[in-house]
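The values are calculated or read from the model by the stated rules, or taken from the named source; none is laboratory data. Given the structure is predicted, the values throughout are model-derived calculations rather than measurements. Ideal geometry is used to build each Cβ from the backbone, glycine not excepted, and the neighbour counts take in all protein chains shown. Accessible surface is based on the protein model in full, side chains and every heavy atom, while ligands, DNA and RNA are left aside. Shrake-Rupley method; radii C 1.70, N 1.55, O 1.52, S 1.80 Å.
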Amino acid sequence: MMEMPIEKQIENAVQTLRAGDLVVFPTETVYGLGADATNANAIAKIFALKNRPSFNPLIVHVASRSMAEELVEFNSVADRLAEKFWAGALTLVLPKKKNCPIPAIASAGLDTLAIRVPAHPIAHKLLTKFGKPIVAPSANISGKISPTEYSHISFKNIPILHGEKCEIGLESTVIDATCELPTILRHGFITEEEVIKTVGELGVVGGKIKSPGMMQKHYSPTLPVRLNITEPKADEAFLAFGNNSYCDAKYVLNLSPSGDLIEAAANLFSMLHELDKPTDFSAIAVMPIPDVGIGKAINDRLMRASV
Ligand code: TXA
Ligand code: MG
């Protein structure tokens, strides 16, 4: 069947959102499962469909900084971060404004909101045409691997805006910018080093989990995942990084043969999806990934996939 032109798909998606239903749309990080951020019933459908714990708050997506200003209070740190990284893969956690129209269910009752301006042209057009904020978690069942390609999305009866493979392939960096010294709540495409360059200094993340979504187990393939493996067992699938020419595993995917961490991040979820198809393998063994730059976000996801 011929696919509808994307403009028409977006128009239909806007109607769906207005009717209080869900749509899946591509962003530069991962595909999102979107709902009208001002409609509590629509938001409840996200939690139900994803089987997402109600204490895990959602990210509010907006088309522009000015749309964000209607929802949250900015401060000088947030100003600098937004100026530098929006539109893009940065999510800022900021205090909700008094008259903020986002219902409590979106932020799981917190008095803060996580907010981002996606750079993806389809996401941007959808937000602009809809004219209102859209809440969107990654478009996967809670705890599973985030979708970075159209083919990964398994929700039935939900319209999907069809984009190319997500360019970044790893979720946004989430920063708590409510205090003077911001803290990174979730490592992502924008690295700690880049954030420090912009704000000068980071605070220390305290003992209390401030980002309720950062549960230990997450991004889980069906097969067990073993980390820091250089010599996989004969019955294991192997996820390599850099030069693995010495390895004689039967099934190998390489995140980046040249050892490029950005390429590895873009391939991570799609290769985990690929390795997780029904096979006779006993586990997925993963080579060590350098823990620098975006490598920190890759190792964070792998650690959660392995527990
Ligand atoms: O790249 C992304 O961020 C993707 C695309 C679709 O935008 N979205 C995404 O959403 O990864 P989700 O729901 O999978 O992750 C949202 C994260 C969770 O770890 C959640 O706990 C945290 O953001 N979060 C949301 N609101 C928060 C808040 N008010 N305070 C602290 N953390 C918050
Ligand atoms: Mg997610």
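Which of the pairs Lys8/Lys165; Lys97/Lys296; Lys97/Lys156; Lys45/Lys98; Lys50/Lys132; Lys132/Lys277 have their Cα atoms more than 28 Å apart in this structure?
Over 28 Å apart, Cα to Cα: Lys97/Lys296; Lys97/Lys156; Lys132/Lys277.
Could you give the size of the charge dipole of the stretch 149-307 about its Cα centre, using +1 on the Cβ of each K and R and -1 on the Cβ of each D and E, expressed in debye and rounded to the nearest 20?
Around 540 debye, computed over the stretch 149-307.
At most 11 other Cβ atoms within 10 Å plus a DSSP loop assignment makes a site exposed; report the longest stretch of the chain without any exposed GluC sites (Glu not before Pro).
Result, exposed sites excluded: 4-163.
Cα gyration tensor of the stretch 108-169, axes a ≥ b ≥ c as square roots of the eigenvalues: rounded (a/c below 1.5), prolate (a/b > b/c) or oblate?
oblate
Taking the Kirkwood radius as the inverse of the mean 1/r across Cα pairs, report the Rg/Rh of the stretch 1-114.
0.98
For Lys197, give me every one of the aspartates and glutamates with a C-alpha distance below 19 angstrom, ignoring sequence neighbours fewer than eight places off in its own chain.
Asp79, Glu83, Asp176, Glu180, Asp291
Kindly provide the trypsin sites (Lys or Arg not before Pro) of the stretch 141-178 that DSSP labels as loop, not H, G, I, E or B, and whose Cβ sees at most 12 other Cβ atoms within 10 Å.
Those satisfying the criteria are Lys156.
Using alpha-carbon pairs under 8 Å, 6+ residues apart, how would you state the relative contact order of the chain in percent?
Relative contact order comes out at 19 percent.
Which value at 222 nm does the chain reach when only helices count, each DSSP H run of 4 or more adding -39,500 (n - 2.57), with the total divided by all residues and rounded to the nearest 500 deg cm²/dmol?
Mean residue ellipticity, 222 nm, calculated: -8000 deg cm²/dmol.
If r is the Cβ-Cβ distance from Glu193 to Lys250 and R0 is 51 Å, what FRET efficiency results, to the nearest 0.05?
Calculated transfer efficiency: 0.85.
At 7 Å along the Cα-to-beta-carbon direction for both Val205 and Asn157, put a label point, then send me their distance in nm to one decimal.
Placing both labels 7 Å along Cα→Cβ, they lie 3.8 nm apart.
Suppose the chain between Glu3 and Lys217 were pulled fully straight at 0.36 nm per residue; how much longer would it get relative to their current alpha carbon spacing?
Going from the current span to full extension adds 73.3 nm.
Which of the trypsin sites (Lys or Arg not before Pro) found in the stretch 227-307 are in a DSSP loop and have at most 16 neighbouring Cβ atoms, other than their own, within 10 Å?
Listed in order of number, the matching sites are Lys233, Lys250.
With contacts defined as alpha carbon pairs under 8 Å and 6 or more residues apart, what's the relative contact order of the stretch 80-201 in percent?
Relative contact order comes out at 29 percent.
How about the stretch 16-123: which chymotrypsin sites (Phe, Trp or Tyr not before Pro) there are in a DSSP loop, with at most 13 other Cβ atoms within 10 Å of their Cβ?
Loop-located and lightly packed - Phe55.
State the percentage of accessible surface on the stretch 1-146 attributable to carbon and sulfur atoms; use a 1.4 Å probe and exclude ligands, DNA and RNA.
55
What distance in nm lies between label points placed 7 Å from Cα along the C-beta direction at Ser64 and Asp260?
So the label points at Ser64 and Asp260 sit 3.4 nm apart.
Largest first, how would Met4, Met271 line up by accessible area (1.4 Å probe)?
Output order, biggest surface exposure first: Met4, Met271.
Skip the ligands, DNA and RNA, and give the accessible area per residue of the chain with a 1.4 Å probe, whole Å².
Accessible area per residue, the chain: 45 Å².
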